[in-house]
Amino acid sequence: MKKLLVLAALVLGLLASTAGSAGAVGWPASCQTLLCVDSHLNALHRRDARLQARISALQLRVTRLERYFGGLVKCIEEGPLTQYGDPNGTFGYAFSNNGTDTFFTTGLDLTASGDPVDGWVMIDGCNTSTTAKPALGRFPLFKAPTHAPHQR
């Protein structure tokens, strides 16, 4: 039994001497009783449990963000943008309902084949919706998305 206590004291002494050199929490210099050692180890264990819980929560958040944004990135396409309309630049773009009769209306449009490009926009190539709906604030970063990730 005496050998076991001496061995335990040597192990604790070794742990105490290496804790500071490994960048870990230092051992209290005044800790000389088993009750003090036990108290310090319990405090370290509680701290470790809190850090492990925080790491787990952060890993879950990263996984959810990767799943959402990874799917979204697969769907992003670039689209050419052109301002059509009055050549004087005073009125929107030319529009035709039947392909022959045109009239000027306001706005920007995706560039028609062969036309000059004025700029570029990002387009969700996976969205098949035919009607628009508000999306701002729909997916806050601290929550998991409530829909399936975009699929390509």
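The values are calculated or read from the model by the stated rules, or taken from the named source; none is laboratory data. All values derive from a computational prediction rather than experimental measurement. Don't worry about glycine lacking a Cβ; one is built from the backbone with ideal geometry, like all the others, and counts go over all protein chains shown.
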Fill in the blank from the handout: Quick count over the range 77-122, residues being at pLDDT below 85 and either in contact with a Cys (Cβ under 8 Å, 6 or more places away or on another chain) or assigned to a strand (DSSP E or B) (or both), is 11
Fill in the blank from the handout: Residues in the range 28-51 that are outside any helix (DSSP H, G or I) and among the hydroxyl-bearing types (Ser, Thr, Tyr) total 2
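Residue-by-condition table, conditions (1) surrounded by 10 or more Cβ atoms within 10 Å (Cβ to Cβ); (2) touching a Pro at 6+ places or on another chain (Cβ under 9 Å); (3) under 30 Å from VAL121 (Cβ atoms); (4) at pLDDT below 90:
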{"site": "ALA22", "(1), (2), (3), (4)": "no, no, no, yes"}
{"site": "ASP38", "(1), (2), (3), (4)": "yes, no, no, yes"}
{"site": "ASP48", "(1), (2), (3), (4)": "yes, no, no, no"}
{"site": "LEU58", "(1), (2), (3), (4)": "yes, no, no, no"}
{"site": "TYR68", "(1), (2), (3), (4)": "yes, yes, yes, yes"}
{"site": "LEU72", "(1), (2), (3), (4)": "yes, yes, yes, yes"}
